[in-house]
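Scroll down for the structure; my scribbles are underneath it.
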Amino acid sequence: MVGISDLEAAKIEAKEEAGLLGKVWDKPLGRYHFWRRGEGRFTYTEVAVFLMRVKRQKKRWKEMEERQTSWLSLLDAADHVQEPELSTLIVRLPNNEKACTFIGRGSDLRF
């Protein structure tokens, strides 16, 4: 999103794409890259990944009809995503003590 910080973009995307409301960690967990398909071209894209401590999911949200959401374990989420770098970030989450503390699990996050 042009003109706003990655953190603000993450908050907006979580709300618009999944109806999620909560607190977003102010540091990116990491980044992943992929080729975005556009009209007649591909663009190499970098995505900053932020953690959210979810308070709730809205009953209705902007892109509800365009998205499918589900709550998964970390391993299932890592298997479900298509980008290998994103899968790696997910699998390594339990090793990040600060991230685990932020989401309220201390260092006892389990798969």
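The values are calculated or read from the model by the stated rules, or taken from the named source; none is laboratory data. Since the model is a prediction, treat every value here as computed from it, not as a measurement. Reconstructed Cβ throughout: ideal geometry from the backbone, glycine too, with neighbour counts over all protein chains shown. Each accessible area value is taken on the protein alone, full model and side chains, heavy atoms only, with ligands, DNA and RNA left out. Shrake-Rupley method; radii C 1.70, N 1.55, O 1.52, S 1.80 Å.
Things to note:
- Helix 6-18 axis, angle to the chain major axis (alpha carbon atoms, nearest 10°): 80
- All Cα-Cα separations within segment 33-88 were binned at 10 Å from zero, giving a P(r) of 16, 38, 39, 7, each value a whole percent of the pairs.
- Binning all Cα-Cα separations of the chain at 5 Å, short to long from zero, yields these whole-percent fractions: 2, 10, 17, 23, 25, 14, 6, 2, 1, 0.
- Qualifying trypsin sites (Lys or Arg not before Pro) in segment 13-111, DSSP loop, other Cβ atoms within 10 Å at most 15: Lys58, Lys59, Arg60, Lys62, Arg67, Arg105, Arg110
- Share of carbon and sulfur in the accessible heavy-atom surface of the chain [1.4 Å probe, %]: 48
- Summing charges over neighbours of Leu86, with a neighbour being any other residue whose Cβ is under 13 Å away from its Cβ, gives -2 when K and R count +1 and D and E count -1.
- In this Cβ point-charge picture (+1 for Lys and Arg, -1 for Asp and Glu), the chain has a dipole of about 480 debye about its Cα centre.
- Taking 22 Å as the straight-line reach from the Cα of Lys59, the lysines in range (excluding those fewer than 8 positions away in the same chain) are Lys11, Lys15, Lys23.
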